[in-house]
Amino acid sequence: MKDRELYLNNAAASFPLAPGVTQAVIRSMENPPRVSGRDALGAEDELGECRRNLALLLEARPEELALCSGATAALNIAVLGLGLRPGDLVLTTVMEHNSVLRPLSRLEKTLPLRLEYIPLDDQGNLDTGVYEKLLREKPRLVALTHGSNVTGVINPVTELFEKARDAGARTLLDASQTAGHIPLRPAALNADMAAFSGYKGLGGPRGTGVLYVASSIKLESVFTGGTGLKSDSPLQPEEMPLRLEAGTPNTPGFAGLNAAIACCRGKEESIAEKEAGITRALVEGLLSIRGVRILGRPALPVVSFTIEGQSCEEAGFALSEGFGISCRTGLHCAPLMHRALGCFPGGSIRFSPSFRTSMADIDYAVEAVRRIA
Amino acid sequence: MKLTGVEKVENCIAGDFVYRYFFDGPWKKKGIQIMAGTGNIKYYADFPRPLYEVRFSDGTILKGVESEREFRVIFKRGSGDLEREAFQKRCGEIAGTI
């Protein structure tokens, strides 16, 4: 066991990357930059190819996809570009990551808008009673996470968003924890917008993310600047994706993401199945240890827990330094969720394996927790 | 041995005071015992990497891996600059004797 290294922080950024990603990034960087690639239909360059393959993966149209630096950028573009007005009601949830909470909180303060949070019910799921009651007040936007980055629970987005649309709201999905883990089809989920990073479940390079914007939605440009196309216009071009993409893009990153998508396409169901088995084994193993409390009921490979009598900082140190396990400790940028689960401000320890994690790795991780508990 | 640097560990836990202390030499068992003084020392020699932990009476916790050139100190919540400076001074003095 000595000097073993085990990476269980895939909910933050995946490691190892999907096969072929690193080589694609290097290949892109070794070649001179080519055309701008913001022509959605352009298939001849790396950005265009990545966008087309993303569109196939998501069952969307290439021009519905803006390439961003990550989910945080994508969510900011969505929230700030929607044209929310003073007094608008926005519904979100206590499950959200700060990349949703902070842009909304900023608008709550500056516009100001009215921001309401859907709490958890006693089973740890979103309280649909409160949600439906708030929908009667006609929110402009409902923003929620597909899968919690703390408990790994998957929200019933299709139904929740259908109700939101019936109430006249736009719908924004944070799919950071589900993209690459389970099939993601924003239109089928009733999402008007969906944001995710390329470097978590998809196994692409850091610095890549995607914002899906349904053709029926017109977002204001948050960033304006060079596009390499239509340079005679003083304003940001109207059409997608140029409308939401200003500045020189991260072409090597998206060349890498394109390679990651090639690994994922057609294998989503089998990845989900394998990860469900890994998650089950991890949960069962941890639950067999006295003093361990698992937060929620993970459906995704995101398992957060606490150990009775130990701060998560202490446990995290022992796991990382004593056992070579890379994991996340603290609030995981989801402070409201930890409050709702009764572990604020101490936080929790999070193991987030991937389908590349072996059962032997899971056994090692469980045994490490057993020995420090 | 010399104390070469101190760095605050940034994490997402509000109000935590965790610092890394860096030295120009490794902390062996004898040095750890001197550093611990009257604190309660515990070894986890059966871990893949041999961890040690010292709990001082004021609530400060020191943790490290034997033979590494650094350790981590967790000050109790609400501790002030004066306490941390005093601890750092003591660390430097003890390291100088090893």
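Taken together, the values in this text are just the output of simple stated rules run on the coordinates, not laboratory data. As the structure is a prediction and not an experimental result, all values here were calculated from the model. Neighbour counts run over all protein chains shown; Cβ positions are idealised from the backbone, glycine included.
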Note to self: Rounded to two decimals, what is the ratio between the C-alpha radius of gyration of the range A:165-235 and 2.2 N^0.38 Å?
What the structure shows: 1.35
Notebook entry, point to check: Along each of its three principal axes, how wide is the spread of alpha-carbon positions in the range A:301-369, in whole angstrom units, largest first?
Noted result: 33, 24, 17
Check: Of all GluC sites (Glu not before Pro) in the range B:1-93, which ones are in loop regions per DSSP and have a Cβ with at most 12 other Cβ atoms within 10 Å?
Finding: B:GLU10
Notebook entry, point to check: In degrees from 0 to 90, rounded to the nearest 10, what is the angle of the helix A:46-58 Cα long axis to the longest principal axis of chain A?
Noted result: 60
Next item on the list: Give the Rg (one decimal place) followed by the Dmax (whole number) of the range A:78-143, computed from C-alpha coordinates and expressed in Å.
Entry: 11.8, 35
Notebook entry, point to check: What residues have an amide H closer than 5 Å to that of A:ILE325, excluding those fewer than 5 places away on the same chain, when H is modeled at 1.01 Å from N in the peptide plane?
Noted result: A:LEU6, A:SER320
Margin query: Quick check: pseudo-label points 7 Å beyond the Cα along Cα→Cβ at A:ARG34 and A:ALA262, how many nm apart are they?
Written below: 1.3
Check: Could you list, bin by bin from short to long, the percent of Cα-Cα pairs of the range A:112-157 in 10 Å steps?
Finding: 23, 55, 21, 1
Check: Pairing the Cα long axis of helix A:98-110 with the longest principal axis of chain A, what angle in degrees results, from 0 to 90 and rounded to the nearest 10?
Finding: 60
Checklist line | Built amide H within the under 5 Å cut-off of A:LEU295, gap 5+ | finding: A:SER304, A:PHE305, A:THR306
Item checked: Neighbour cut-off at most 16 other Cβ (10 Å), DSSP loop, trypsin sites (Lys or Arg not before Pro), the range B:1-68 -> B:LYS2, B:LYS28
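Over chain A, calculate the relative contact order: mean separation of alpha carbon pairs under 8 Å at least 6 apart, over the residue count, as a percent.
Details: 786 pairs, mean separation 89.7, N = 373.
This gives 24 percent for chain A.
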Notebook entry, point to check: In the Gaussian network model of chain A, springs joining C-alpha atoms below 10 Å, which of A:ASN250, A:ASN53, A:ASN76 carries the largest mean-square fluctuation?
Noted result: A:ASN250
Checklist line | Cα point-scatterer Debye curve for chain B, base-10 log of I(q)/I(0) at q = 0.14, 0.16, 0.19, 0.23 Å⁻¹ | finding: -0.49, -0.64, -0.92, -1.35
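When only Cα pairs under 8 Å and 6 or more residues apart are kept, what is the percent relative contact order across the range A:194-271?
It comes to 35 percent, rounded to a whole number.
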Checklist line | ³J(HN,Hα) computed for each position of the range A:205-222 - Karplus, 6.51 cos²θ - 1.76 cosθ + 1.60, integer Hz, glycine/proline x | finding: x, 4, x, 10, x, 9, 10, 8, 10, 4, 4, 6, 9, 10, 8, 6, 6, 7
Next item on the list: Could you grab the relative contact order for the range A:234-373? Cα pairs under 8 Å, six or more apart, rounded to a whole percent.
Entry: 25
Next item on the list: Using label points projected 7 Å from each Cα along Cα→Cβ, tell me how many nm separate B:THR4 and A:PHE15, to one decimal.
Entry: 2.2
Notebook entry, point to check: Considering only DSSP states other than H, G, I, E and B, which GluC sites (Glu not before Pro) in the range A:245-338 qualify as loop sites with at most 12 other Cβ atoms within 10 Å?
Noted result: A:GLU308
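Using 1/(1 + (r/R0)^6) with R0 = 45 angstrom and r between the beta carbons of A:GLU284 and A:ARG165, what's the FRET efficiency to the nearest 0.05?
For A:GLU284 and A:ARG165, the calculated efficiency is 0.70.
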Notebook entry, point to check: Based only on Cα atoms, what Rg/Rh ratio does the protein assembly as shown have, Rh being taken as Kirkwood's radius?
Noted result: 1.01
Margin query: I want to verify a result. In a Gaussian network model of chain A, Cα cutoff 10 Å, which of these has the top mean-square fluctuation: A:PRO205, A:PRO345, A:PRO19?
Written below: A:PRO345
Notebook entry, point to check: What's the angle, to the nearest 10 degrees (0 to 90), between helix A:268-287's Cα axis and the longest principal axis of chain A?
Noted result: 30
Note to self: Using amide H atoms built in the peptide plane, which far-off residues or other-chain residues are under 5 Å from A:ILE118 H to H?
What the structure shows: A:THR92, A:THR93, A:VAL94
